[in-house]
1. Quick check: net charge around A:Met430, other residues with Cβ under 12 Å of its Cβ, Lys/Arg +1 and Asp/Glu -1?
2. Report, in deg cm²/dmol and to the nearest 500, the calculated mean residue ellipticity at 222 nm for chain A, where each DSSP H run with n ≥ 4 adds -39500 (n - 2.57) and the sum is divided by the residue count.
3. Ordering A:Tyr370, A:Tyr529 by how much accessible area each has at a 1.4 Å probe, largest first, what is the list?
4. Roughly how large, in nm² to one decimal, is the mean projection of the convex hull of the alpha-carbon atoms in region A:663-818?
5. Please get the size of the charge dipole for chain A, origin at its Cα centre, with Cβ charges of +1 on Lys and Arg and -1 on Asp and Glu, quoted in debye to the nearest 20.
6. Taking the alpha-carbon centroid of each part, what is the distance from region A:171-204 to region A:413-488 in angstrom?
7. Going by the alpha-carbon gyration tensor, a ≥ b ≥ c the square roots of its eigenvalues, is region A:746-860 rounded (a/c under 1.5) or, if a/c is not under 1.5, prolate (a/b greater than b/c) versus oblate?
8. At a Förster distance of 41 Å, what's the computed FRET efficiency of A:Arg840 paired with A:Gln711, Cβ-Cβ distance as r, to 0.05?
Amino acid sequence: MDTNAIEKKWSSRWKDAGVFEVDPRPDKEKRYLTAAFPYPNSPQHIGHARTYTTADIYARYLRLKGYHVLFPMAFHVTGTPILAMAKRIAAKDKNVLDVFENIYKIPPEIGASLTDPKDLVTYFSKEIEEGMKEMGFSMDWRRKFYTYDSKFNKFIQWQFHKLKELGYLIKGEYPIAWCESDGNALSAHDTKGDVDPELEEVTVIKFKVSDGRYLVVTTYRPETVYGVTNIWINPEAEYVKIKYKEETLILAKKAAEVLKLQMGYELLGEISAEEILEMNPKNPATGDAVPVFKASFVAPETGTGVVMSVPAHAPFDYLALRDLGKAEMDMPQVIELSGYSNNPAKDAVEKFKVKNQDDPSGELATKEIYTKEAHGGVMVVGKYKGEKVAEAKLKVAADLKAENKAFEIITIANGPVFCRCGSPAVVNVMDDQWFIDYGIPEWKEKAKKCLDKMEIIPEKTRGEFEYTIGWLKTRPTSRSSGLGTKFPFDETKMIEALSDSTLYMSYYTISHLLDEVDASSMDNKFFDYVFLGKGDGNEKLDKLRESFLYWYPVDSRHSAGDLVRNHLTLYIFNHVGIYEEPQWPKQIVTNGFVTMEGSKMSKSMGNIMPLRFAISEYGADVIRFAVVCGADLASDSDFNKSVADGVRSRLGFISKLIEGSINEGKAHGRPEKWIHSRLNRKIERAGKLYDKLQIRHLALEIFYDVVTDLQWYLKRTKEPNLHDFFEKWIIMIAPFMPHYCEEYWEMLGHKPFITFEPFPQADLSKIDESIERGEETILQVHEDIEKISKLIGKKPESVSVFVASNWKRKLIEIAIAEKSFEGTMKAAAAEKMPMKDVTRITKQIMKNVHSLVKPVSQKDEFDALKDAEQFLSDEFECKVTVLTEEEGKHPKAGNSLPKKPSIVLE
RNA sequence: GCAGGAAUAACAAAGCGGUCAAAUGUGAUGGGUUUAGGACCCAUUGGCUUAGUGCCUUCGAAGGUUCGAAUCCUUCUUCCUGCACCA
């Protein structure tokens with residue numbers, strides 16, 4: 001069979017018949033599925049396909065179960081990455097163009113032409129859409145939209161009006177990494193080396209020099225303020241005076257430059273290091289005046305460029321004092337640390353043999369002391385004496401701030417970070433930043449309540465959702481640049497990318513019905529009516545509202561697991577905030593990633609396999625399988641060539657069988673009963689596995705195992721008849737490999753589409769335990785003959801098989817009941833069994849008496865083996881005779897046990 | 001550091017109190033088929049034994065509970081992911 005031809009044939013038939021384009025049908029129960037929409041700044045690779053394939057398998061399963069299923073798709077273009085990428089293409093950035101050409105195989109002239117964000121979006125979204133269609137995803141493409149569409153913008157603005165009405169939207173200050181020369185915010189896409197600037201709060205403590213004049217130090221350890229012996233400045237650096245909140249602060253010039261934007265101070269002028277060294281500032285915690293000393297380790301661009309010295313707890317402070325010849329001075333202890341003296345810093349310096357403050361091993365000493373004190377230290381002075389350092393740290397800082405003896409500044413923790421333009425990133429505090437306040441308790445309660453009622457697949461991720469709901473607080477939602485929707489209450493701002501993808505599933509329910517509607521008429525009243533039923537409607541609006549009410553709520557939301565901590569939890573919040581309970585989400589399904597031949601896919605490793613390339617290489621049905629079946633839903637699934645080849649060859653095996661099996665076969669013996677018993681058992685289990693999306697388990701059960709069963713069946717029977725088997729099996733597996741199954745279905749003489757056939761019902765009457773156990777015994781005997789034959793090193797001329805007597809079966813039942821050697825022996829004696837054999841057998845079976853199962857009767861076992869007599873004879877090319885133990889004259893005949901017939905080779 | 005997840009044979013990955021020397025797939029080895037290659041089929045793939053149904057040692061490490069543990073409990077070790085504005 002020609003894979004590509006089959007896949008093309010069926011995808012165009014689906015398209016022509018519009019089978020996935022669905023509208024409300026009140027006569028049918030609906031299921032509404034959505035999967036996270038893609039971000040079209042590059043083509044998709046096989047990793048992206050996992051979530052969509054999982055969702056599609058589920059969608060197709062639900063159709064077989066008789067539901068009316070909607071599975072829509074759209075494109076998310078919000079935010080800065082697409083803009084940044086277009087800019088980089090315009091600048092002929094080699095990295096971007098190389099990735100396009102070498103990894104995604106985009107013709108270089110096309111790649112280089114995508115300098116307009118819209119062209120970029122158009123090109124890649126087209127590419128992605130084609131790939132999804134080729135994969136056979138059963139999506140309703142009429143509903144497609146882009147998040148920068150003006151109508152969608154209206155919807156998002158409405159969402160934000162709702163959030164504001166609810167009091168969830170607040171305005172405030174927010175620090176961000178900033179480029180002064182470009183005048184905009186910096187995220188990872190905008191920095192050299194794609195570094196994500198990490199912001200961190202640092203405490204600034206004010207040491208009073210005179211009234212209104214302070215020397216300001218930065219510290220991560222405010223609790224050590226009680227042990228300050230002096231202040232450090234770098235004599236090589238320049239220092240300045242600034243006016244900040246009506247006070248004069250003294251700090252390093254370079255530090256002041258970095259802090260300028262966030263503090264908004266007035267520069268008063270320079271001040272010489274000598275002048276500072278003369279000062280005797282007062283420790284705000286103790287009131288003691290301390291001297292100012294010189295130290296080379298102080299970096300003028302870090303913090304304030306002024307440092308407080310706590311020699312008992314900071315190895316560098318101790319070292320600098322020792323370098324000045326002051327090692328013997330009094331060094332007050334603040335923290336007690338078991339295993340250390342009253343000067344842990346000194347202990348650590350000696351332990352690591354640090355020479356002076358310029359010796360790099362000082363870092364090691366510092367790290368050890370900081371870590372240990374932070375977690376194991378106990379305060380020995382001050383207001384929080386006796387408390388743990390971890391707690392005292394926060395309390396001391398809070399007290400100092402409350403008394404206006406300290407304040408917080410924000411620094412770039414992983415700095416220095418540079419903008420692509422070359423200038424260093426600084427911290428800017430936006431005072432007109434909008435937030436969504438996910439910290440509001442009633443809102444959290446609702447989210448919790450929704451979560452409690454939701455199905456979470458895999459269930460073990462539920463804890464992560466609970467954790468995220470608990471931990472979310474105010475979240476910035478406006479940005480100064482990017483594609484998407486303008487912020488309705490400040491049109492100079494854009495709505496941030498994660499905030500416009502939390503309620504959009506509602507929009508799919510009407511997005512294909514808006515052709516006649518003008519964007520300007522889509523105001524708050526419009527959406528209030530359509531989605532909330534508030535206000536007055538009309539015929540047109542009613543149609544939209546009906547569609548929404550029919551499809552909502554979302555029955556299953558699919559995404560990769562990394563979105564639990566943000567998108568998926570925000571999705572819950574926004575739904576419970578804006579909608580009533582009947583519209584709340586019902587289920588969330590998350591999956592792991594896809595690795596490539598054992599390692600993570602990455603651009604730098606060049607091991608990304610573009611989806612459309614993979615499809616042309618292996619065919620969509622094979623890729624669907626390979627991408628989804630390699631691991632449990634939650635864990636990463638590995639894509640490798642050998643697995644894909646394995647799937648392909650099994651598919652070939654099955655195709656051949658179906659081609660050959662259609663008009664055949666009259667056999668109706670044990671093998672037929674067996675394979676139908678196996679099939680019906682699988683049908684019975686498959687439904688539950690599909691419901692829980694146990695995809696890997698399903699694949700093993702209804703694909704790999706089935707191939708193995710078929711191979712055994714073909715061995716066991718001369719005239720195979722698999723027509724009835726395939727009639728059911730094809731439907732059951734169709735969600736995995738829809739193209740092939742449609743083709744098979746047609747080959748079996750049915751009209752399309754298998755897509756809407758009812759999922760097979762398990763015929764429980766065909767599940768035959770004794771037939772299956774019989775077949776197991778045959779397999780066992782087959783193996784045993786082989787083993788023995790190998791051991792004696794020759795092919796047998798004849799084989800006799802002796803089936804154990806019924807009294808032995810009875811004996812096992814007794815053992816199961818008695819569970820003890822003595823008890824079994826007694827009961828056996830009462831039954832007048834041959835005690836010599838009983839002793840031997842009982843000894844043997846007592847070892848695993850707790851796991852014995854009731855044996856089948858001698859007759860059942862004999863019948864099974866007798867039926868296979870010819871088969872075994874053919875297999876071993878000699879006469880195989882099956883006899884009962886009683887009929888056997890050979891001395892070994894008596895060795896037989898239930899399920900373990902005695903075998904004699906001659 | 002905090003929070004979550006995980007550790008199983010050559011590799012990947014099931015199993016989550018007894019039927020477990022441990023499914024399945026891949027790889028490897030041998031054999032069959034084939035002009036050759038590929039594909040396909042069969043067998044073997046912890047050790048030792050044995051004309052098969054036996055014994056021993058294994059499921060990150062150490063302890064514990066139990067008649068019985070890969071599975072439950074405790075401690076430890078290692079690895080992964082996230083810790084916020086980034087889609």
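1. Neighbourhood net charge equals -1.
2. Helix-only estimate at 222 nm: -13000 deg cm²/dmol.
3. Output order, biggest surface exposure first: A:Tyr370, A:Tyr529.
4. On the way: hull surface 54.7 nm².
Orientation-averaged projected area of the Cα hull: 13.7 nm².
5. Details: 124 positive and 137 negative charges, 427 e Å.
Using only the charged Cβ atoms, the result is roughly 2040 debye.
6. Result: 16 Å between the Cα centres.
7. oblate
8. The pair A:Arg840/A:Gln711 has a calculated efficiency of 0.60.
The values are calculated or read from the model by the stated rules, or taken from the named source; none is laboratory data. Just so it is clear, the structure is predicted and the values come from calculations on it, not from any experiment. Note: ideal-geometry Cβ built from the backbone for every residue, glycine included; neighbour counts use all protein chains shown. Ligands, DNA and RNA are stripped out before the accessible areas are found, and what is left, the full protein with its side chains, is counted by its heavy atoms. Shrake-Rupley method; radii C 1.70, N 1.55, O 1.52, S 1.80 Å.
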